[in-house]
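First the structure, in the form of structure tokens, and then the observations on it.
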Amino acid sequence: MIVEQMMTTDVVTLQASHTIKDAINLLREKKIRHLPITDHDGHVVGIVSDRDIKEATPSNLLDGQHQDVYATKLEEIMTKNPVIGHPLDFVEEVATIFYDQQIGCLPIVSGGKLVGIVTETDLLYKYIELTGAHQPGSQIEVRVPNKPGILFEVSKVFHDHHSNVLSVLVYPDKQNDDNKILVFRVKTMNPLGIIEDIRKEGFDVLWPNMPGMTN
């Protein structure tokens, strides 16, 4: 999946000449946490987050002697030259950027101009959607040899049970590099028959592993 398929295109922005007060009002009105800062031509010049504003403003418990802080220009608190993405970037690449850079949003730029934004919440929702975690079903974790064709061998069991697989994730086995972990999300609330047949095929089911279930 590419970023263009999941980014928000109706992006709320401010300019560097706006004030902290302007940003507070807009964040509250739109119920958002990040504001791209653009120039008159739509080029991204910075990012302001709710955290930036909290760090720059006094506590609400203080008196009004610091009210002039709210007139501070955003150019003084914004993160300049932020990391940006492109609409044709892969979502996996964007997720890596979020992880490596420890950021909460990514402005999406095409032709030098802002065309969208992706936030960490967008990534979370997309992960839930892609894995089918929001749908009723069961999760089955299977340890298998790390060799070509192994996914097909395990999947035959689901096919024989006429079970709809919502998603498959693959993880390395931290205990043994010769294995990997397959995590199936299956559209059934009673996977016991599937689990029994997976074990009959010689595979190790890690989850569910409840009392009374044979290993």
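Listing for the model above:
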| quantity | calculated |
| --- | --- |
| Condition check for Ser110: modelled with pLDDT of 95 or more, under 24 Å from the mean Cα position of the chain (by Cα) and of a type in the set (Ser, Thr, Tyr) | yes |
| Scope the range 160-206; condition open to solvent by less than 50 Å² (accessible area, probe 1.4 Å), assigned to a loop (DSSP other than H, G, I, E, B) and either touching a Cys at 6+ places or on another chain (Cβ under 8 Å) or among the hydrophobic types (A, V, I, L, M, F, W, C) (or both); matching residues | Phe203 |
| Residue within the range 158-166 that is under 30 Å from Asp10 (Cα atoms) and touching a helix residue (DSSP H, G or I) at 6+ places or on another chain (Cβ under 8 Å) present | no |
| Scan of the range 25-40 for residues that are surrounded by fewer than 16 Cβ atoms within 10 Å (Cβ to Cβ) and within 13 Å of Leu74 (Cβ to Cβ), ordered by number | Asn25, Asp39 |
| Whichever residue in the range 33-50 is touching a residue at least 24 places away in the same chain (Cβ under 8 Å) and among the charged types (D, E, K, R) and, among such residues, is farthest from Gly104 (Cα to Cα) | Asp41 |
| Meets criteria (in contact with a strand residue (DSSP E or B) (Cβ under 9 Å, 6 or more places away or on another chain) and touching a residue at least 60 places away in the same chain (Cβ under 8 Å)) for Val154 | no |
| Qualifying residues in the range 53-82 (those that are over 14 Å from Leu14 (Cα atoms), part of a loop (DSSP other than H, G, I, E, B) and of a type outside the set (Ser, Thr, Tyr)) - the one modelled with the highest pLDDT | Pro82 |
| Test result for Val91, over 30 Å from Lys21 (Cα atoms) and open to solvent by less than 40 Å² (accessible area, probe 1.4 Å) | yes |
| Of all residues making up the range 28-45, the number that are closer than 18 Å to Ala71 by Cα and over 21 Å from the mean Cα position of the chain (by Cα) | 2 |
| Counted residues, the range 138-155 - those being over 20 Å from Met189 (Cβ atoms), assigned to a strand (DSSP E or B) and open to solvent by 40 Å² or more (accessible area, probe 1.4 Å) | 2 |
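The values are calculated or read from the model by the stated rules, or taken from the named source; none is laboratory data. This one's a predicted model, so the numbers in the text were calculated from it and none came from an experiment. Ideal geometry is used to build each Cβ from the backbone, glycine not excepted, and the neighbour counts take in all protein chains shown. All accessible areas refer to the heavy atoms of the entire protein, side chains included, with ligands and DNA or RNA removed. Shrake-Rupley method; radii C 1.70, N 1.55, O 1.52, S 1.80 Å.
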